[in-house]
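Below: one structure, written as structure tokens.
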Amino acid sequence: MKAQPIIPIAIFILLVALFGIGLTKDPRLIPSPLIGKPLPEFELSLLHHPEDIVEKHDLIGEYMLLNVWASWCVACAEEHSLIVDLAKQKIIKIVGINYKDKSADALRWLEEKGDPYDSTLVDFDGELGMDLGVYGVPETFLIDPKGQVLYKHVGPLTLEVIENNLLTFTRPEQ
Amino acid sequence: MMEMIRIVVLALASLSALSILASDYSYTFTTPQREMRYQSLMEELRCLVCQNQSLADSNAELAQDLRKKVYDMITTGNDDDQIMDFLTDRYGKFILYDPKLNYENAPLWLLPILMICIGVYVISRLAKQGERSEAVIPQSAQDDADALVKHLEERSKQL
């Protein structure tokens, strides 16, 4: 058997390509096991009307975005104006989940920056957050009319994400 | 020199104080077995915010919540599999530091075995090649060697 230099070189190039692809991926993005699964059940009070309790079946029935945010979260402020703009277009229902926050701070925050949410639920102890697998606010979930999770975005929203990943699902017939 | 040692000892002592701070939660368990299960689960679960730390090491708020959840699940009688399932249903297999063999990670587990097989094959091929080359010593070299042996034998007889 003569030494064949082509084989080690081929293996080397293959490995470089493999590691090269690995470098372009963000290790902080963790695939959600929730995609394609029903939204978990919950019973939470409303930020603006703490005496009212909202359950899952009160919300589902149309496409909606669930936006998990908190007043202490810097990146939430970053994406907020985009959400306000999206709400003005009235394309999709947007529900806020105020995650592990003080309600007084949250109310003040919405007053200052505008309130784009159809309703805001208070997840004070982060229980729904845990059921949703939230590990870094802000996170945004797209829910279909049957209550299935279609998409999850971790981190501040961008115009691109809204256009390409969130709104495409709401107009599938085109 | 003593001064140096003192500084190093102080630095190490403050480091260990930090790790005590990180584990400042005091959960009590009804049995030592439950406590041991809790501790080993903490080492096996990854903190999702600070990805290179286990739940035991991390001081992130999410890690505190997850520690509490695991504690609650142990005290209400859930076994380890139920706790792992609860967490992987929500956060995915990424939360496990030691994931079990499944279809997704099978290549990762099987690749080293494949590599060893290839290595064994290559080495055995090389060894066979070595044997073969031993068999083809040129006749002239063989003659020279025979002559040398003969010569040495005669010399040793003379001595």
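Calculated on the Cα set of the protein assembly as shown, radius of gyration then Dmax: 32.0, 118 Å. Build a GNM of chain A with springs between Cα atoms under 10 Å apart, and of A:ASP52, A:ASP101, A:ASP144 the one that fluctuates most is A:ASP52. Computed from backbone phi, the HN-Hα couplings of region A:109-121 come to 4, 5, 5, 5, 9, x, 10, x, 8, 4, 7, 10, 9 Hz, rounded to whole numbers (Karplus: 6.51 cos²θ - 1.76 cosθ + 1.60, θ = phi - 60°; Gly and Pro given as x).
Amide H to amide H distances under 5 Å link B:CYS47 with B:GLN53, B:SER54, B:LEU55, where only residues 5 or more positions off or on other chains count and H is placed in the peptide plane. Projected label points at B:VAL122 and B:LEU110, each 7 Å from Cα along the beta carbon direction, are separated by 2.1 nanometres.
List the aspartates and glutamates whose alpha-carbon lies under 16 Å from that of A:LYS146, not counting same-chain residues fewer than 8 positions away? Of all the aspartates and glutamates, those that pass the test against A:LYS146 - Cα under 16 Å, at least 8 places apart if same chain - are A:GLU41, A:GLU55, A:ASP58, A:GLU62. In region B:2-95, taking the dipole from charged Cβ atoms about the Cα centre, the farthest positive-side position among B:THR88, B:GLN51, B:VAL8 is held by B:VAL8. Counting Cβ atoms of other protein chains within 10 Å of each Cβ in A:128-135 and taking the mean gives 5.
Fully extending the segment from B:ALA141 to B:MET2, taken as 0.36 nm per residue of separation minus the present Cα-Cα distance, adds 43.1 nm. For chain B, the longest principal axis of the Cα atoms and the long axis of helix B:2-22 meet at an angle of about 60 degrees. Only Lys, Arg, Asp and Glu carry charge here, each on its Cβ (+1 for the first two, -1 for the last two); on that basis the protein assembly as shown has a dipole of about 1340 debye about its Cα centre. Would you mind computing the Rg to Rh ratio of region A:53-174 from its alpha-carbon coordinates, Kirkwood style for Rh? We get a ratio of 0.93 for region A:53-174.
Per-residue 3J(HN,Hα) values for region A:141-148, derived from phi via the Karplus relation 6.51 cos²θ - 1.76 cosθ + 1.60 with θ = phi - 60°, read 10, 9, 10, 8, x, 7, x, 8 Hz in sequence order (x marks Gly and Pro).
Expressed to the nearest 5 percent, the antiparallel share of DSSP beta bridges inside chain A is 60 percent. Of the residues A:ILE91, A:ILE35, A:ILE143, the one that moves most in a GNM of chain A with alpha-carbon contacts below 10 Å is A:ILE91.
Angle of helix B:139-158 to the longest C-alpha principal axis of chain B, folded into 0 to 90 degrees and rounded to 10: 80°. Secondary structure note: in the protein assembly as shown, about 60% of the DSSP beta bridges are antiparallel.
Summing +1 for each Lys or Arg and -1 for each Asp or Glu, what net charge is found among the other residues whose Cβ lies under 14 Å from the Cβ of A:LEU82? Surrounding charge for A:LEU82 is -3. Cross-link partners of A:LYS100 among aspartates and glutamates, defined as those whose alpha carbon lies under 13 angstrom from its own and excluding same-chain residues fewer than eight positions apart: A:ASP123, A:ASP125, A:GLU127, B:GLU61, B:ASP65.
Only the Cβ atoms of Lys and Arg (+1) and of Asp and Glu (-1) were treated as charged; on that basis the dipole of chain A about its Cα centre amounts to roughly 1060 debye.
Rounded to the nearest 500, the helix-only mean residue ellipticity at 222 nm of chain B stands at -23500 deg cm²/dmol, with each DSSP H run of n ≥ 4 adding -39,500 (n - 2.57). Which angle from 0 to 90°, rounded to the nearest 10, does the C-alpha axis of helix A:6-24 make with the longest principal axis of chain A? That helix lies at roughly 10 degrees to the long axis. For region B:111-159 versus region A:100-117, the spacing of their alpha-carbon centroids is 84 Å. Taking a sphere under 11 Å around the Cβ of A:GLY133 and counting the other residues whose Cβ falls inside, with K and R at +1 and D and E at -1, yields a net charge of 0.
We did not get these values from a lab; they are worked out from the coordinates using the rules stated. What you are looking at is a predicted structure, and each value in this text was computed from that prediction instead of being measured. Here Cβ is always computed from backbone atoms with ideal geometry, including for glycine, and neighbour counts include all displayed protein chains.
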